[in-house]
Amino acid sequence: MTYKISENANISTVFLDGEIDMDVTEKAKEIIFPLVEAGKEVHINLKDVSYMDSSGISVLIESHQKALEKGTKVIIKEISKSVLKVIMMAKLEQILNLE
């Protein structure tokens, strides 16, 4: 997994690339959680994520929950087909903010 962060006003966009599995979930948390903790609105762009397992999905859910606690939000954007399939199978489209 590689990543890039872009800042625009109070919105941080995290572009993730590659595979998000249990080998890289701690790294993903280290990238995303501090942005949420800072009270920023965080957009997570998944267009270049080829694979995400349940541990990756848990990072999305934890990010969403932390954002609710902080009074901000995490928006999942440009979701690749393979990741969207996993999100829909888990019925998380009703919980997560998807665009």
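The values are calculated or read from the model by the stated rules, or taken from the named source; none is laboratory data. Predicted model only: the values in this text are computed from it and were never measured. Neighbour counts run over all protein chains shown; Cβ positions are idealised from the backbone, glycine included.
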Filter result for the condition that a residue is over 19 Å from residue 92 (Cα atoms) and in contact with a Phe, Trp or Tyr (Cβ under 7 Å, 6 or more places away or on another chain), over 70, 4, 66
4
May I ask you to list the residues in region 2-20 that are at pLDDT 95 or above and either closer than 13 Å to residue 73 by Cα or in contact with an Asp or Glu (Cβ under 9 Å, 6 or more places away or on another chain) (or both)?
2, 3, 4, 11, 12, 13, 15, 16, 17, 18, 19, 20
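Could you tell me which residue of region 29-48 is surrounded by the fewest Cβ atoms within 10 Å (Cβ to Cβ), considering only residues that are under 17 Å from residue 96 (Cα atoms) and not charged (D, E, K, R)?
33
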Within region 49-73, restricting attention to residues that are of a type outside the set (D, E, K, R) and more than 20 Å from residue 18 (Cα to Cα), which residue is surrounded by the most Cβ atoms within 10 Å (Cβ to Cβ)?
67
